[in-house]
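The values are calculated or read from the model by the stated rules, or taken from the named source; none is laboratory data. This one's a predicted model, so the numbers in the text were calculated from it and none came from an experiment. Glycine gets a Cβ as well: all are built from the backbone with ideal geometry, and neighbour counts include every protein chain shown.
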Amino acid sequence: MTKFEEYFYRHLHILRRISQWAAVVLIFLIPFLNRHGINSLMGTFYSIRIGHLDLMDPALMFQTILLTKHISFSALLAGTLPLILALVLGRVFCSWICPYNLLAEYVATLRKKVFPHKKYVLNHNPKPHWYWAIFGLVITSLMVLGIPLITLTSFPGLLSSEAADLVLNGTIGVEIVLILVVILLEFIVAPRFWCKYACPVGATLALFHYKHTMHVHFDPKGCTCDSIKTLPCNSVCPLGLDPRHRDIYPYCYNCGECIYSCHKHQGKSLSFSFKDAPKKGVVAARANLKMNRTIKEVDA
């Protein structure tokens, strides 16, 4: 592991927070600049123009194609560029940029303080069937009913549009109610269900994950934890996933909090990798932890 990698992993949390808050500043800065005649930056997270470069929410691109039954080359190009990013780095837009995810993470932190509960460690990750079933329902609604559900449920697009309305017109649209309802449900009933199961933007990006997309890599040999029930990497995952398993995708959005926590506790078992994931997983981890406990007992 290079010095740059060690530095990055040990400072990953603060770097991600800087990126997230920079995105929040951006959605207010763009309309502010536009209001004062500076138009080199225009748009929202639905579609944004940077100089002569157009970028478009890939989910919105697919919705436009399905509803209009027409493929626009300009829209296809604008939506393809973010997909290339997802193909290489995974769903980093969700974890490093999306303003809704930042809000949801703070709400989840508040929820843990208001509703403290016994911590537990997951020994398995949810199957992807529900994830793709919900996304399939959205696509079916687009094709059969012609309902623009993605426009209504793209929370990064909605939040950035509301920010623009607030800056330009001093108003907030009724669409914000949907976000508040989801936040309330996550706070009271089902923490982080939207990003984990229901977000069409995240699902669209997850479609383009393949074996060489950047992913969380687990090496049991680098694990320094002496108990399978006290793994810090498990407890910090915003989506409640177990990074020791290979089946964290399509749910995992590469926030890297598990990696940060691992290195914070002097471990080196977790890292980002572009290589195909090895077949070893939690079984090897259990064997490694058992060996660590045996060695400590012998030393004692």
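Determine if segment 214-231 includes at least one residue that is assigned to a loop (DSSP other than H, G, I, E, B), over 30 Å from Asn34 (Cβ atoms), among the β-branched types (Val, Ile, Thr) and in the same structural domain as Asn125 (by TED's automatic domain parsing).
No: segment 214-231 contains no residue that is assigned to a loop (DSSP other than H, G, I, E, B), over 30 Å from Asn34 (Cβ atoms), among the β-branched types (Val, Ile, Thr) and in the same structural domain as Asn125 (by TED's automatic domain parsing).
Select from segment 26-50 the residues that are within 24 Å of Val201 (Cα to Cα) and assigned to a loop (DSSP other than H, G, I, E, B) and list them in ascending order.
Answer for segment 26-50, where residues must be within 24 Å of Val201 (Cα to Cα) and assigned to a loop (DSSP other than H, G, I, E, B): Thr44, Phe45, Tyr46.
Does any residue of segment 91-99 turn out to be over 25 Å from Val216 (Cβ atoms) and among the basic types (Lys, Arg)?
No.
I'm checking my understanding of the structure. Among residues of segment 136-145 that are aliphatic (A, V, I, L, M) and assigned to a helix (DSSP H, G or I), which one is farthest from the chain's Cα centre (by Cα)?
Among residues in segment 136-145 that are aliphatic (A, V, I, L, M) and assigned to a helix (DSSP H, G or I), the one farthest from the chain's Cα centre (by Cα) is Val144.
Does any residue in segment 146-157 that is in a loop (DSSP other than H, G, I, E, B) come within less than 8 Å, Cβ to Cβ, of a residue that is aromatic (Phe, Trp, Tyr) six or more places away or on a different chain, and which pairs are these?
Ser154/Phe45; Ser154/Tyr46
From the list Val182, Val174, Val167, which residue is touching a helix residue (DSSP H, G or I) at 6+ places or on another chain (Cβ under 6 Å) and either part of a loop (DSSP other than H, G, I, E, B) or closer than 16 Å to Thr44 by Cβ (or both)?
Val167
Does segment 51-65 hold any residues that are assigned to a helix (DSSP H, G or I) and among the aliphatic types (A, V, I, L, M), and which are they?
Within segment 51-65, Ala59, Leu60, Met61, Ile65 qualify.
Residue-wise test of (1) among the basic types (Lys, Arg); (2) more than 20 Å from Val138 (Cα to Cα); (3) surrounded by 15 or more Cβ atoms within 10 Å (Cβ to Cβ).
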residue	(1), (2), (3)
Lys69	yes, no, no
Phe73	no, yes, no
Ala78	no, yes, yes
Ile84	no, yes, no
Val88	no, yes, no
Ser95	no, yes, yes
Val107	no, yes, yes
Leu110	no, yes, no
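Any residue that is at pLDDT 90 or above, surrounded by 17 or more Cβ atoms within 10 Å (Cβ to Cβ) and more than 30 Å from Leu142 (Cβ to Cβ) - is there at least one of those in segment 181-202?
No, that holds for no residue.
Considering only segment 1-25, how many residues are of a type outside the set (A, V, I, L, M, F, W, C) and assigned to a loop (DSSP other than H, G, I, E, B)?
Looking only at that region, the number is 2.
With respect to the numbered conditions (1) under 21 Å from the mean Cα position of the chain (by Cα); (2) closer than 14 Å to Pro148 by Cβ, which one is the sole condition not fulfilled by Leu87?
Among (1) under 21 Å from the mean Cα position of the chain (by Cα); (2) closer than 14 Å to Pro148 by Cβ, Leu87 violates only (2).
Which ones in segment 148-158 are out of contact with any Ser or Thr (no Cβ under 6 Å at 6 or more places or on another chain), surrounded by fewer than 23 Cβ atoms within 10 Å (Cβ to Cβ) and of a type in the set (A, V, I, L, M, F, W, C)?
Within segment 148-158, Leu152, Leu158 qualify.
What number of residues within segment 81-96 satisfy the criterion of being over 13 Å from Asp57 (Cα atoms) and either outside any loop (DSSP other than H, G, I, E, B) or at pLDDT below 95 (or both)?
Final tally of qualifying residues: 6.
Residues being of a type in the set (Phe, Trp, Tyr), within 30 Å of His265 (Cβ to Cβ), touching a helix residue (DSSP H, G or I) at 6+ places or on another chain (Cβ under 7 Å) and at pLDDT 95 or above: count how many of those fall in segment 9-53.
0
For segment 1-24, name all the residues that are surrounded by 13 or more Cβ atoms within 10 Å (Cβ to Cβ) and closer than 19 Å to Phe93 by Cβ.
Correct list: Phe8, Leu12, His13, Leu15, Arg16, Arg17, Ser19, Gln20, Ala23, Val24.
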